[in-house]
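The values are calculated or read from the model by the stated rules, or taken from the named source; none is laboratory data. Remember, predicted model here, so these are calculated numbers, not experimental data. So basically every Cβ, Gly included, is an ideal-geometry build from the backbone, and we count neighbours across all protein chains shown. For the accessible areas, the whole protein counts, side chains as well, though only heavy atoms, and no ligand, DNA or RNA atoms are used. Shrake-Rupley method; radii C 1.70, N 1.55, O 1.52, S 1.80 Å.
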There are 2 protein chains.
Amino acid sequence: MSERLAVHENHNIIYEIVIEKDFENLKSELNKLKVSERKLCIVTETTVGAIYTREIKKILEECAKETFVFTFEAGEKNKNLYTIKDLYTFLIEKHFDRRDMLVALGGGVTGDMTGYCAATYLRGIDFIQIPTSLLAQVDSSVGGKTGVDFDGYKNMVGAFYQPKLVYIATDTLKTLTKREFLSGMGEVIKYGIIKDKEFFYYLKKHADEIKNYEEQALSYIIKVSCDTKRKVVESDFKEQGERALLNFGHTLGHAIEKYLYMDMLHGECVSVGMAGAAFLSYDKGYLSEHAKKEIIDLLTLYELPVSESRIYVEKVLAATGSDKKMEGGKIKFIVIDEIGHSFIDKSVSLSEMESALYYITENRMEI
Amino acid sequence: MSERLAVHENHNIIYEIVIEKDFENLKSELNKLKVSERKLCIVTETTVGAIYTREIKKILEECAKETFVFTFEAGEKNKNLYTIKDLYTFLIEKHFDRRDMLVALGGGVTGDMTGYCAATYLRGIDFIQIPTSLLAQVDSSVGGKTGVDFDGYKNMVGAFYQPKLVYIATDTLKTLTKREFLSGMGEVIKYGIIKDKEFFYYLKKHADEIKNYEEQALSYIIKVSCDTKRKVVESDFKEQGERALLNFGHTLGHAIEKYLYMDMLHGECVSVGMAGAAFLSYDKGYLSEHAKKEIIDLLTLYELPVSESRIYVEKVLAATGSDKKMEGGKIKFIVIDEIGHSFIDKSVSLSEMESALYYITENRMEI
C-alpha cells in the first residue's frame, strides 16, 4: 500500500514524500525529477551503505548521467564539519555543478549532513532523502532542518533547506535493530500526544501489528506522523511559535542525551523527556493524573524508558540553560492539558523543571 | 543627502539599504530593529576594524543589550571555514542565541563571511551589513550571496541569506586607497553597461566629481547601482536567468583573478574581463565598434585596466571550464548588443573566448 504526501511552502508544493514497501518505484520517482542529464552522489555511511548502496546505485545508474558514492564512517561523532569538508572535496573532484544532486541514504545523521552539504555547496544544490530509520522517516522528512554538530553542541551549525523528494521504503525498518525501531516510535507517539488523540489510541490498539512490522500499519503511522509534522511546520516555517510544539519532550530529552550520549538513543531520551514533561504538565495542574498515566503506559507498551536513574539533575538543569530553545534568556517549555493538545508555556520555573527531573530520575512512577 | 532603497522578496519588503554620509543615523536605524534586548557582535577585520570599530561599538552599545567584537586578520586568504569556525566558537562562548545578531563591518570578505556565519549558526540568526568598500556597497548589499572560499575555489561554500539592514556611509570611501575605490567603480560601470545607458553616460560626464568623492555623486551612483542590482535580483532570486547578466565581465574576470590573485583587485579583473566581453560581443557581430570603444574609454577614464599581458590563455580557458557559471557542461556567457542592453549567449565557443583572451592579453586595443 503506497502513500504520498505533498509538502508546501507559500501554498506551492515543494516536494513529495512517497511511502512504499520497497525501492521498486524509486526509478519512476527519480525520472520525474529529470535526472537523465545530471550527476548524482549517494551519501551514506558504513552501516547502512553496506546493506543498500548496491541496490540503490543500480537504480540511480539506470536514470542518471553518472552516479557516485560517498561513504563516511557511521556514527553521530562523524556528524561534523570535517565530514562535510571531505564531501565538498569529493564533489569538487567529481566536478559537481549546480545542476547535480545529492542522495541521502541512511538515518538522521546522514540526512542532516547531506542536506547541510546540499544547502551550502555552491550556495545550494538539489538533494533527495531516502531515510532508512524510523526516526529519520517521521522526523527528518519534513521541516528542512539540516546541520552538523559543532564543538560538542548538537546541530549548532545548520540551515533550513528542503529536499526535492523523500522516498521511504518501509522494508528498511526490518534491517534496524528492534531497539532502534522502538526508539523511532518515541517520536511517533509524540505526534499523538501533542496533536492527535485518535492517533494516540490507534498506537495503543495496534501495538502488536506495528511491533511486528506489518506493512499497512507502518505506512499508516509514518504517513500520519509526517502529515502532523507537515501541518505544524507549514504554519510556521522558521520556528517562531507553533513549530515549538514539536519539541515536546525534547527540552529535558536533549539535556539527558547530552550526558548519557553513548548509552541512549535519541528516541529513548525523548521518551524519558516526555515522561518528565507529562509529569510537569500534571504537576502544574494542566493534565489529569489519568492522562499522565496513559502516556507513561503507552511509552512502556513500546518498551521505551520512562525513567533514568543516572541523571545528574544539576548538570541537566545547567545544560537546559544553554539549549537552543532558550530565547532571550527565557525557556520555552512545551506542556499538554490533554492527550492530543499541547501549548507553549513560558512560565515554567527552574524548580518545576527540577521536580520533573527528580520524578524521572527517582523512578517515582507511582505518583 | 540621504537615500534609501527597499529590497523585496515575494512582494514583501525584507530589508532597506540606507545610504548616508556618516554614521550619525545608524542608531535610529538600529532602534527600528528592536535591538535593546539583543546581543550584537561586530564582525570585522584588522584593517577596517582599526579605523571604525571604536565608533561603531559606541553606537551599538547605546542601543543593544550587549556588544561584542570579533576581529579576524584582513585578507581574502582568511575567507575560509577556519575563520568561520573561530567565529562560531566565539558566539558559543558569548552564549549567542537565535534572537541575537551579527554586524558585518568591512568590505566584501567581511560581509560574505559574516552573512555565511549568520546563515548557518543555529540554522540562521539575523545580521546587518555596514559595507565600507565601494565594491561591497554596490555589489554585496543586494542579492543575499554569502560564502567562503574552499580549497582554493572562490565562494565554493555558501548560502543565499538576506541581511536585516544595509547601512552605507559614503565617508568610508575616503579611507580606501584610490586604487581600491576605482576597483569598485568597475562594478558600478558594469551596471551602466548591462542595464542603463543613461547611467553609463552619467558616469562619463561626472567622472571628476566621483573621483573627488563628492558626496552627492557618490550617493547617487551607489543608489543607482544597488537599485539596478535589486531589480535584476528580485526578478530572479536563485540565479536561473536574468541574474546571470550581473556576471558580465566575470567569466573571464574570475579566471584572470584566479591566476593573478595577489596582484589585481576584483574590480580590476572584472574591468579586463569586461573589455574582453565587449570585444567578444563586437567579434560576434552583436556590438558596434564605436560602442566597444566607448566602453574601453570609460574604463580607462576611471584608471581601470583593459588589458593584462600576464595571462596564460590556456590556463584561463581551462579555469573557465570549472567556473560556477558552467551548467550541465555549457558556458553561459554574457554579451551586449548595445550599451545598456545585455543578454545570455550559450553559443560562445572556446575559440571565441580564446580570441577575446588574446585581445586583452596582446594589448590590441586599437582593433
Residue check: is A:TYR167 facing another protein chain (nearest Cβ under 9 Å) and either β-branched (Val, Ile, Thr) or open to solvent by less than 10 Å² (accessible area, probe 1.4 Å) (or both)? no
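Please enumerate the residues belonging to the stretch A:272-296 that are closer than 17 Å to A:ASN247 by Cα and open to solvent by less than 10 Å² (accessible area, probe 1.4 Å).
A:VAL272, A:GLY273, A:MET274, A:ALA275, A:GLY276, A:ALA277, A:ALA278, A:LEU280, A:SER281, A:ILE295
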Considering residues that are surrounded by 16 or more Cβ atoms within 10 Å (Cβ to Cβ), without any contact (Cβ under 8 Å) to a residue 40 or more places away in the chain and more than 10 Å from chain A (Cβ to nearest Cβ), the number found within the stretch B:73-93 is 2
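Among the helices (runs of 4 or more DSSP H) contained in the stretch B:169-250, which hold 1 or more residues that are of a type in the set (S, T, N, Q) and over 28 Å from B:ILE331 (Cβ atoms)? Full working, then the answer.
Numbers: elements: B:178-195, B:197-205, B:207-211, B:215-234.
Because the criterion is at least 1 residues that are of a type in the set (S, T, N, Q) and over 28 Å from B:ILE331 (Cβ atoms), the helices (runs of 4 or more DSSP H) in the stretch B:169-250 that meet it are B:215-234.
Step by step: first the residues of the stretch A:26-56, then only those that are in a loop (DSSP other than H, G, I, E, B) and surrounded by 14 or more Cβ atoms within 10 Å (Cβ to Cβ), then the one that is farthest from the other protein chains (Cβ to nearest Cβ). Which residue is that?
Taking the stretch A:26-56 as the starting set, the residues that turn out to be in a loop (DSSP other than H, G, I, E, B) are A:33-38.
Add one more test, that the residue is surrounded by 14 or more Cβ atoms within 10 Å (Cβ to Cβ), and what stays is A:33, A:35, A:38.
Details: A:LEU33: 14, A:VAL35: 12, A:ARG38: 8 Å.
Looking at residues that are in a loop (DSSP other than H, G, I, E, B) and surrounded by 14 or more Cβ atoms within 10 Å (Cβ to Cβ), I get A:LEU33.
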A:ASP149 fails exactly one of (1) open to solvent by 10 Å² or more (accessible area, probe 1.4 Å); (2) away from every other protein chain (no Cβ under 14 Å), namely (2)
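Within the group B:GLU198, B:GLU187, which residue is touching a residue at least 12 places away in the same chain (Cβ under 8 Å), open to solvent by less than 10 Å² (accessible area, probe 1.4 Å) and acidic (Asp, Glu)? Spell out the reasoning first.
On the way: B:GLU198 fails: open to solvent by less than 10 Å² (accessible area, probe 1.4 Å).
The unique qualifying residue is B:GLU187.
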Of the residues in the stretch A:245-260, those that are at pLDDT 90 or above, closer than 16 Å to A:ASN155 by Cβ and of a type in the set (A, V, I, L, M, F, W, C) come to A:LEU246
By residue number, the members of the stretch B:118-135 that are within 14 Å of chain A (Cβ to nearest Cβ) and of a type in the set (Val, Ile, Thr) are B:THR120, B:ILE125
B:LEU299 vs (1) modelled with pLDDT of 95 or more; (2) touching a helix residue (DSSP H, G or I) at 6+ places or on another chain (Cβ under 7 Å); (3) open to solvent by 10 Å² or more (accessible area, probe 1.4 Å); (4) not β-branched (Val, Ile, Thr): all pass except (3)
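Hey, any hits in the stretch A:57-66 for a residue that's of a type in the set (Gly, Ala, Ser) and either within 12 Å of another protein chain (Cβ to nearest Cβ) or in contact with a helix residue (DSSP H, G or I) (Cβ under 6 Å, 6 or more places away or on another chain) (or both)? Lay out the reasoning, then the answer.
Of the stretch A:57-66, the ones of a type in the set (Gly, Ala, Ser) are A:64.
Now narrow it down to the ones that are either within 12 Å of another protein chain (Cβ to nearest Cβ) or in contact with a helix residue (DSSP H, G or I) (Cβ under 6 Å, 6 or more places away or on another chain) (or both): none.
Scanning the stretch A:57-66 turns up no residue that is of a type in the set (Gly, Ala, Ser) and either within 12 Å of another protein chain (Cβ to nearest Cβ) or in contact with a helix residue (DSSP H, G or I) (Cβ under 6 Å, 6 or more places away or on another chain) (or both).
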The condition of being open to solvent by less than 40 Å² (accessible area, probe 1.4 Å) and either at pLDDT below 95 or among the aromatic types (Phe, Trp, Tyr) (or both) holds, among A:GLU234, A:GLU239, only for A:GLU239
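May I ask you to say which residue of A:GLY115, A:GLY144 is at pLDDT below 95, in contact with a Phe, Trp or Tyr (Cβ under 7 Å, 6 or more places away or on another chain) and within 14 Å of another protein chain (Cβ to nearest Cβ)?
Numbers: A:GLY115 fails: at pLDDT below 95.
None of the other options fit; the residue is A:GLY144.
Out of B:THR83, B:THR44, report the one residue that is within 30 Å of A:TYR82 (Cβ to Cβ), within 20 Å of the chain's Cα centre (by Cα) and modelled with pLDDT of 95 or more. So that I can check it myself, show each step before the final result.
Working: B:THR83 fails: within 20 Å of the chain's Cα centre (by Cα).
Result of the check over B:THR83, B:THR44: B:THR44.
Going by the conditions given, is A:LEU102 in contact (Cβ under 8 Å) with a residue 24 or more places away in the chain, out of contact with any helix residue (DSSP H, G or I) (no Cβ under 7 Å at 6 or more places or on another chain) and either at negative phi or part of a helix (DSSP H, G or I) (or both)?
no
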Being under 21 Å from B:PHE23 (Cα atoms) and open to solvent by 50 Å² or more (accessible area, probe 1.4 Å) narrows B:TYR213, B:TYR220 down to just B:TYR220
Could you tell me whether the stretch A:332-341 includes any residue that is modelled with pLDDT under 90 and either surrounded by fewer than 17 Cβ atoms within 10 Å (Cβ to Cβ) or within 14 Å of another protein chain (Cβ to nearest Cβ) (or both)?
-> yes
Being in a helix (DSSP H, G or I), surrounded by 17 or more Cβ atoms within 10 Å (Cβ to Cβ) and modelled with pLDDT of 90 or more narrows B:ALA319, B:ALA356 down to just B:ALA356
